[in-house]
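> First, the structure itself, so that you have it in front of you.
The values are calculated or read from the model by the stated rules, or taken from the named source; none is laboratory data. Everything numeric here is computed off the predicted structure, so don't read it as measured data. Glycine also receives a Cβ, built like all others from the backbone with ideal geometry; neighbour counts cover every protein chain displayed. Side chains included, ligands, DNA and RNA excluded: accessible areas come from the protein's heavy atoms. Shrake-Rupley method; radii C 1.70, N 1.55, O 1.52, S 1.80 Å.
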Amino acid sequence: MTAERPAAKPMKSLDEALAQLLGYAARLDGVEQLATFDADGRVLAQDLVSHLHVPPQDNSSMDGYALRCADLTDPSRALPVSQRIPAGSAGTALAPQSVARIFTGAPIPAGADAVVMQEDCDVQADGSVRMTAQPKPGQWIRRAGEDVTRGAVVLARGARLTPAELGLAASIGMDVLSVARRPRVALFSTGDELVMPGAVAPEHMPPGAIYNSNRFFLKALLKRLGCEVSDLGIVPDQREATIAALRGAAEQHDLILTSGGVSVGEEDHIKPAVQSLGHLDLWQIAIKPGKPFAYGRVADAHFIGLPGNPVSSFVTFLLLVRPFLLKLQGVTQLAPTPMTVRADFSWPRADKRREFLRVRRNPNGGLDLFANQSSGVLTSAVWGDGLVDTPPGATITPGDVVRFIPFSELLA
């Protein structure tokens, strides 16, 4: 009599898996003081509060002439220039029935209520100025505090700093910023079939061997997310070697990230090795590409195991590991911003899993599909510029509006 096979565990939905994973991602301790010049991509550890107005006073947004609109009762009359105010200097109160030559960024003199840009002015032979356009009060004046008001929180804790935000921080006088410390990540691959590029020439590759592509894109993705990465290389498919690599990595890292070795094959030693040092949960996630995923702990370090197929590893990192690492740093905005875009392709094969199709925007405003959606075809991720998030059981016909997640939302 044949023994009955144990029933397979139900697959987790992506949303369920992500919520559970983020529940383990406590914000890391530690704050670093970093020059604003060097803080691109880092995460603010405290609110930035402005101690001044930006701009600090009313100023001109144009090169031209400052005046009182009430003084221009006769548009044909030329008014004398009573002062010249370049940027970086302060003028005096505007004399009645006169104009002030003013430059972009210069403070508006007391008494003036408008600026006429120089293109709308005729300078007379005697130096006086006639306006060719009737000004309105407030014209071409940037008001004090128009950009930032004193006491305002200009950037909130948990913001991931971009070049524009660095400029905003500098505009309120911040030359040093408090940022979250970088997550320390140990990265290694498992599999005796893996060969590093450069170690063996293509014509000399042994049967069954493949070049290790996963380490290259995973390391780059980790660094883009602000991590300090220790590349521990390829660990042989041996239990003791795997245990030794995990034990050493756990001592000085916040996260151990591996690709491959999270299935149930005889040569996959990650599960027993992690379990011997801590604990591990193997998840089957209802996504395609993807599905096998592992989370656990090795001593005080998080452990995440990604599938070995390159597109599965790439997509699973973007959907699960990326938000996990951002939350470790205290980032508050974790989800990418999707778009609704027209599909210019057909996808008639419904799957019970949620599918992430590699697509590319075309010149007509729609999306084209990469022909081969196999989890081993990394070309699809290079050719494409985003993913179509396809619900379980859904098909796509040309003209359908689909949920598109640009890689620009996931790779930054």
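> What is the distance in Å between the Cα centroid of segment 59-95 and that of segment 153-204?
Centre-to-centre (Cα) distance: 50 Å.
> Please state, rounded to one decimal and in Å, the Kirkwood hydrodynamic radius that segment 261-412 gives when every pair of distinct Cα atoms enters the mean of 1/r.
Here the Kirkwood hydrodynamic radius works out to 16.7 Å.
> Can you give me the accessible area per residue for segment 340-398, using a 1.4 Å probe, in Å²? It would help to have the intermediate numbers written out before the result.
On the way: 2870 Å² over 59 residues.
Accessible area per residue, segment 340-398: 49 Å².
> Give the Rg (one decimal place) followed by the Dmax (whole number) of segment 22-94, computed from C-alpha coordinates and expressed in Å.
That works out to 24.1, 74 Å for Rg and Dmax.
> If you build a Gaussian network model of the chain, linking Cα atoms that sit under 10 Å apart, which residue out of Leu177, Leu334, Leu318 swings the most?
Maximum fluctuation in the GNM of the chain, among the listed residues, is at Leu334.
> Ok, one more. Given H placed 1.01 Å from N in the peptide plane, which residues other than close sequence neighbours of Leu411 have an amide H under 5 Å from its amide H?
The list, which skips near neighbours in sequence, is empty: none.
> So how much accessible area does Lys288 have, in Å² to the nearest 10, using a 1.4 Å probe?
80 Å²
> So, one more: Per residue of the chain, what 222 nm ellipticity follows from adding -39500 (n - 2.57) for every DSSP H run with n ≥ 4, rounded to the nearest 500?
-5000 deg cm²/dmol
> So, one more: Given contacts defined as C-alpha pairs under 8 Å and at least six residues apart, what's the relative contact order of the chain, whole-number percent?
16 percent
> Could you give the length gained by full extension between Asp147 and Lys352, i.e. 0.36 nm per residue of separation minus their alpha carbon distance, to one decimal place? Intermediate results must be reported in sequence, preceding the final value.
On the way: separation 205, 0.36 × 205 = 73.80 nm, distance 5.02 nm.
Taking Asp147 through Lys352 to full extension adds about 68.8 nm, to one decimal.
> Per residue, how much accessible area does segment 88-171 show when a 1.4 Å probe rolls over the protein heavy atoms, in square angstrom?
It amounts to 51 Å² per residue over segment 88-171.
> Leaving ligands and nucleic acids out of the surface, order His204, His53, His302 by accessible area at 1.4 Å, largest first.
Ranked list, largest accessible area first: His204, His53, His302.
> Heavy atoms only, probe 1.4 Å: what % of the accessible area of segment 208-255 goes to carbon and sulfur, would you let me know?
49 percent
> For segment 315-323, take each phi angle, set θ = phi - 60°, evaluate the Karplus expression 6.51 cos²θ - 1.76 cosθ + 1.60, and give the result in whole Hz per residue in order, putting x for glycine and proline.
Result, ordered by residue: 5, 5, 4, 4, 7, 10, 6, 4, x Hz.
> Please state the equivalent ellipsoid semi-axes for segment 203-315: what are the square roots of 5 times the Cα gyration tensor eigenvalues, largest first, in whole Å?
One finds semi-axes of 20, 17, 16 Å for segment 203-315.
> Something else about it: Can you tell me the accessible area per residue over segment 238-330, all protein chains present, probe 1.4 angstrom, in square angstrom? Don't skip to the answer; put the middle values down first.
Numbers: 3100 Å² over 93 residues.
Ligands and nucleic acids excluded, the result is 33 Å² per residue.
> For an R0 of 41 angstrom, estimate the FRET efficiency from the Cβ-Cβ distance between Asn364 and Arg239 and round to the nearest 0.05.
Efficiency, rounded to the nearest 0.05: 0.15.
> Now a separate question. Ordered by residue, what ³J(HN,Hα) values in Hz, to whole numbers, does segment 16-31 give under the Karplus form 6.51 cos²θ - 1.76 cosθ + 1.60, where θ = phi - 60° and Gly and Pro are x?
Taking θ as phi minus 60°, the curve returns 5, 4, 5, 4, 5, 4, 5, x, 8, 8, 6, 4, 5, 6, x, 10 Hz for segment 16-31.
> Which residues in segment 280-306 have a backbone N closer than 14 Å to a point placed 7 Å from the Cα of Asn372 along the Cα-to-Cβ line?
none
> Can I ask one more? For segment 174-204, list residues with backbone N below 16 Å from a point placed 7 Å from the Cα of Val382 toward its Cβ?
Flagged as within label range: 197-198, 202.
> Also, quick follow-up: Which part of segment 327-362 falls in the paramagnetic zone of Ala164, meaning amide N under 19 Å from the point 7 Å along Cα-to-beta-carbon?
Within reach of a label on Ala164, which here means backbone N under 19 Å from a point 7 Å along Cα→Cβ, segment 327-362 contributes 332-339.
> Could you list which residues have their amide H under 5 Å from that of Phe293, counting only those 5 or more apart in sequence or on another chain, with H placed in the peptide plane?
Close amide H contacts, sequence-distant or interchain: Trp283, Ile285.
> From the Cα trace of segment 1-139, what convex hull volume per residue do you get, rounded to a whole Å³?
247 Å³
> Once neighbouring chains are kept in place and the probe is 1.4 Å, which whole percent of the accessible area of segment 2-116 is contributed by carbon and sulfur?
Of the solvent-accessible surface of segment 2-116, carbon and sulfur hold 55 percent.
> Something else about it: Over what distance in Å are the Cα centres of segment 211-240 and segment 278-311 separated?
15 Å
> With r defined as the distance between the Cβ atoms of Asp38 and Val200 and R0 fixed at 45 Å, what FRET efficiency is calculated, to the nearest 0.05?
So the FRET efficiency works out to roughly 0.70.
> How large is the direction-averaged shadow of the alpha-carbon convex hull of segment 60-109, in nm²?
If I average the Cα hull's projected area over directions, I get 3.2 nm².
> Hey, what angle do you get for helix 239-250 against the long axis of the chain, alpha-carbon based, 0 to 90 degrees rounded to 10?
The angle comes out near 20 degrees.
> Can I ask one more? For Asp15 and Ile210, what is the calculated FRET efficiency with R₀ set at 45 Å and r taken between the beta-carbons, to the nearest 0.05?
0.85
> Amide H neighbours of Gly330 under 5 Å, at least 5 residues apart or on other chains, H built in the peptide plane: list them.
Hits under the 5 Å cutoff: Leu28.
> In a Gaussian network model over the chain where Cα atoms closer than 10 Å are linked, find which of Ala201, Ala17, Ala220 has the largest mean-square fluctuation.
Ala201
> So what are the ³J(HN,Hα) numbers for segment 308-313, from phi and the Karplus equation (6.51, -1.76, 1.60; θ = phi - 60°), rounded to whole Hz, Gly and Pro as x?
x, 4, x, 5, 4, 5
> How fast does the chain diffuse by Stokes-Einstein, in µm²/s, taking the Kirkwood radius from C-alpha pairs at 4 °C and 1.567 mPa s?
50 µm²/s
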